[in-house]
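The values are calculated or read from the model by the stated rules, or taken from the named source; none is laboratory data. What you see is a predicted model; the values in this text were computed from it and never measured. Positions of Cβ are generated from backbone atoms using ideal geometry, with glycine treated the same way; all protein chains shown enter the neighbour counts. With ligands, DNA and RNA removed, areas are computed over all heavy atoms of the protein, side chains included. Shrake-Rupley method; radii C 1.70, N 1.55, O 1.52, S 1.80 Å.
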Amino acid sequence: WRGVATPGRARARRRAMASSISHIPAVVSSPALIAALLSFSIAQTAKVFTHYHATGKVDYTRLVGSGGMPSSHTALVVGLCTSIGLKEGMQSSIFALCLVFSLVVMYDATGVRLHAGRQAEVLNQLIVELPRDHPLTDSRPLRDTLGHTPIQVVVGAILGMLVAYLHFCIWMATYSKI
């Protein structure tokens, strides 16, 4: 178990990394933040391709939109959680906090936001069926891609874990030798 993080190893690794990267701004040098943002960016970019695969249409608004495959919010929080777990250790309080935060985000994505999106679909259909002289016929359609199906959340979580793990391995290979 050479690569398993223990409290002593984690502290020594943090000191070594801090001394070797002190010239880099703190935000940019945070491996957890980089892994999280990278996971989010990859997931958002993947949405363009999965949307094209599902509909046959290229839609670049998927780069900034919510909903769809994979869940980028899940990839973000799971990437953050995995990176912190690898760096600080799975027994650390900050990892526990990240894990609970991740579970809340994933529950929200498949629960409240998914059902709000489904309700928006129904309301949009009802508005289309109203008589032309009804005051609501001129209203903008509600956004109906708010939440995620469980499979979209699972794929986002797997993506977040993979990206964070690969980033951690590259980070350690680069900065543990300095």
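Among the residues of the range 65-102, how many are within 25 Å of T45 (Cβ to Cβ) and of a type in the set (A, V, I, L, M, F, W, C)?
Result for the range 65-102: 11.
Looking at the range 42-69, which of its residues are of a type in the set (S, T, N, Q) and under 19 Å from the mean Cα position of the chain (by Cα)? Quick ask: steps written out before the conclusion?
Let us first name the residues in the range 42-69 that are of a type in the set (S, T, N, Q), namely 44-45, 50, 55, 61, 66.
Matches in the range 42-69: Q44, T45, T50, T61, S66.
Starting from the range 163-178, take each residue that is open to solvent by 30 Å² or more (accessible area, probe 1.4 Å) and list its partners that are at pLDDT below 90 and of a type in the set (S, T, Y), counting only C-beta distances under 7 angstrom and pairs at least six apart or across chains.
Y175/S20; I178/S20
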